[in-house]
Structures are given as structure tokens and as C-alpha cells.
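Here's the structure, in C-alpha cells; my notes come after.
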Amino acid sequence: MIDIKLIRERTDFVKNGLTRLGAPTDIIDTIIELDQRRRQLLTEVESLKGERNSVSKTIPRVTDAAERDRKIAEMRLLGARIASLDAEVQSVDATLQKRMLEVPNLPHEATPLGHDESENVVVRQIGEPRAFDFEPKPHWELGEKLGILDIARGVKISGSRFYVLKSAGAALQRALIAFMLDVHIREHGYTEIYPPLLVREDCLYGTGNLPKFGENLYHDVEDDLWLIPTAEVPVTNLYREEILEADLLPIRHVAYSACFRREKMSAGRDVRGIKRGHQFDKVEMVKFVESSQSDTELESLVADAEDICRRLEIPHRVVQMCTADLSFSAAMKYDIEIWAPRAGGEEGEWLEVSSCSNFRDFQARRAGIRYRPSKGARPEYVHTLNGSGLALPRTLIAVIENYQNEDGSITVPGALKPYLNGLDKLEGE
């Protein structure tokens, strides 16, 4: 959420930021009108309450019965007016808060201007795509032949965009998860969290998933709980409505979780294989930092995600999102994309396996997460960041397709061998 003071005092700055995003600016005018009306009402209410208190104190001293009855009647009318104004304040305030939640975060000053995703900037590429001396196959063919991937039975059980990993396929995914967690915990300095997969509605408002993306979330109406789209949601809300001491920062958490999303926005796309699904696994990194450190922490977050790609020895690249391709909550965002030789067809494809974002204080304002810079100091909002480290099944796809052999077997990357009891190859059942 954007600071209402910023909207009041630097209206043109906020509108310019939204224009850079390609977002409409008329909502800012609506917010300013609502804010002005709310403050006018509050002023009037406080004035009337002051009058009521003052007059009420004099009534017991009035000796004339008729005069006393007249004043009492006036105060009753005044009380009714105050109650009416209080109700209007609540209504205006609720509408104002609703409108505030609809405003996206403003882009970081270093985020490149762009009109669509074609203007994203490739910052660097590490490694070159493998030159095969045979015709490589896509992961769905390799997985079916090896008996490690069963899409048909996944569809039979749950419908389209579901699949089953079997035998060495399930073991390979589990190995990737354990490997990534170990690297982030033991070497990158993160503390592991295993969060609930169901959260309250407020948590999704806190991270910016609601109200904008409600149609892409799974909701249990009876208990009013929501399946998480990413571990970012419960982990960010660990410190909801708390004031943290500065010496606790930075806080760096990593969490493995299953994730659940309706792929409505992707209907008709990527129908082959397991690239897009309603349920998937992910290792997520989340940071809570002082405002002065968030840019530096974003760079280290990207480096931590890249390190997994390097250790898997798979080509990857870092892409900075332009203003047109930022998420709703991010001020600055980098995607880490990993190379898959056949997932997107014969030409291969760069698959996004991590989006590393600096949200600045946008999420913290929505979730009420603050810190005290020093003893006795006024609390300030933390800056939050998050990024996948990495997301599955796309990392699994990249391993299968990049490490395939001509006979259809899959060589196990060196980094994963300790997690697969030293196994060298996946050769089927």
C-alpha cells in the first residue's frame, strides 16, 4: 500500500509513477476526494463532540426546568447528528481503504521504462545452451519413457494441468528441494520455515494477492481459508502487526511448500508437459530488512537464486523487468530464467524459475510490519523482499531436458548425487 501522505503531498509524483506502469491515474483523484471528505467529517464530528461535552457539563447547574429540558433535547438532536456523521466516516473510510488496496506499488527509480515484456532487459547470461549430437526430446516424452512422469493419470485423478511423478521422478524432485534448502540454510544464511498451506484472508491482502488476484486463488468458503499461491504469503505474515527491534534485522527465511493457483490467465498456453499446473512445489526466500538496505538485499537475493542454477550447471540468465512487466506489489524485479532445450518446442525456451522482488514498504504497510530503528525511536515500516530459490517443476524440466542422453536416460547432476544415494543416471524402472 502506498503512503496516504505521499498521495496527498506528492500527487503528481504518484501519478507519474502509475503512468510509468501504464496504470490509470484517476483512482488517485478518487482517493484524494475520499481522504478530504473523511478529514472534513472527522473535523466536524470532533467539533460537535466538543460542543456536546461542554453543554452537557452545564445542564446539571441549570435551575430552570424548562431550560434544562430544552438543553437536554438539543443534546439528543446533537447526539443523533454525531451518530450519523460517525456512520458516514466509517463508510467513507471503508471506501477509501478499498481504493487504496487497488493501487499498485510505484516503480523503483532504477526500473527501466517499458511498454511490454519485450522491453525487459537481459542483465547477464551464465553458460551456453548445450549442443546435442542427437535429437533431444521434451521432458514429457523422456518422463513417460522412463516411467517417472504420468500425466494421463494425473488428469484422471484431478483434471487438466495435474500430473503424477513416480519412482525416480519423485525422488529427483525431492532431491532438488532438499538440495536447495540445504544451500540456502547452510551457506546463504536463511532460517527455515515450514508454514501452513492455508491462510486467512488478511494474509493475502497483506502480500497484495487480494483483492486483485482473487480469481486465481483457491478458497474454502466454509472455513474462510485460502490455499497459498506461494510460501511468500504465510512467511511474510509471520510478523504481521508486529514491531520488530532493529537488531533482529535483516531477517532471512526460506520455506518449501506446495503452491496452488488457478491458471485462468494462461488458458490455452503451454498445454504440453508440466510447465504450468494448478499445484506445484517451490522453495521460497523472504527477507525483512531496514529501508536503507533493501536494494543491496535484492542483489544478494538474486545471487542466492542464481547460485542454485550454477551448482546445477544449467545455463541461466537474469532479466530485469521493465515498468510494464512488474508485478502488482514489486518496485523492482528480476527474473532468473533457466534454459530448457525442448520445453517450448524445437527452438528451446528460457523458463522463469525465480522472480526476485523488492517491495519496499508496500507489503509492510498492508500487513502492519514495522521496526524500531533505535530504543525509543518511532517505529518505521520494514522493507520486504522475496524470490524463489527455485521453483518446481520448471527446474525439474530443465534438469531432465539438459541432462538427457541419447538412449533416453538422464544423467544426475553432480550437486544432486548426494541426495540420490550417489545415483549416476535415471534409467527407468
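Coordinate-derived values only; no laboratory data. Please read these numbers as outputs of a predicted model, since none were measured by experiment. Backbone-built Cβ (ideal geometry, glycine too); neighbour counts: all protein chains shown.
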Pop out the ³J(HN,Hα) list for the range 340-350 in order, Karplus 6.51 cos²θ - 1.76 cosθ + 1.60 with θ = phi - 60°, rounded to Hz; leave Gly and Pro as x. 10, x, 9, 4, x, x, 5, 7, x, 7, 8
Magnitude of the Cβ-charge dipole (Lys and Arg +1, Asp and Glu -1) of the range 4-101 about the Cα centre, nearest 20 debye, reported as 240 debye
Could you tell me which of Ala415, Met321, Thr30 has its Cα farthest along the dipole of the chain towards the positive end, charges placed at Cβ (Lys, Arg +1; Asp, Glu -1), taken about the Cα centre? Thr30
Modelled FRET efficiency - R0 56 Å, Leu78 with Lys417, Cβ distances, 0.05 increments: 0.10
Among the listed pairs Lys71/Lys98; Lys275/Lys333; Lys98/Lys275; Lys156/Lys287; Lys137/Lys287, which have their C-alpha atoms separated by more than 30 angstrom in this model? Lys71/Lys98; Lys98/Lys275; Lys156/Lys287; Lys137/Lys287
Straight-line reach from Lys15: which lysines have a Cα under 16 Å away, not including same-chain ones fewer than 8 places off? Lys5
Packing-wise, with mean Cβ within 10 Å as the measure, how do 52-62, 397-407 rank, highest first? 397-407, 52-62
Please report how far the C-alpha centroid of the range 50-93 lies from that of the range 158-231, rounded to the nearest whole angstrom. 55 Å
Which of the peptides 108-115, 291-298 is most tightly packed, and how do the rest follow, going by the mean number of other Cβ atoms within 10 Å of each residue? 291-298, 108-115
Using the 10 angstrom Cβ neighbour count as an exposure proxy, how do Phe132, Phe213 rank, fewest first? Phe132, Phe213
Counted neighbours (other Cβ, 10 Å), sorted fewest up, put Val89, Val382 in the order Val89, Val382
Less than 16 Å apart at the alpha-carbon level, and either on another chain or at least 8 residues along: which aspartates and glutamates does that give for Lys166? Glu141, Glu144, Asp150, Asp281, Glu427, Glu429
The farthest towards the positive end of the charge dipole of the range 117-426, of the residues Gln173, Phe359, Ala340, given +1 on Cβ of Lys and Arg and -1 on Cβ of Asp and Glu, is Gln173
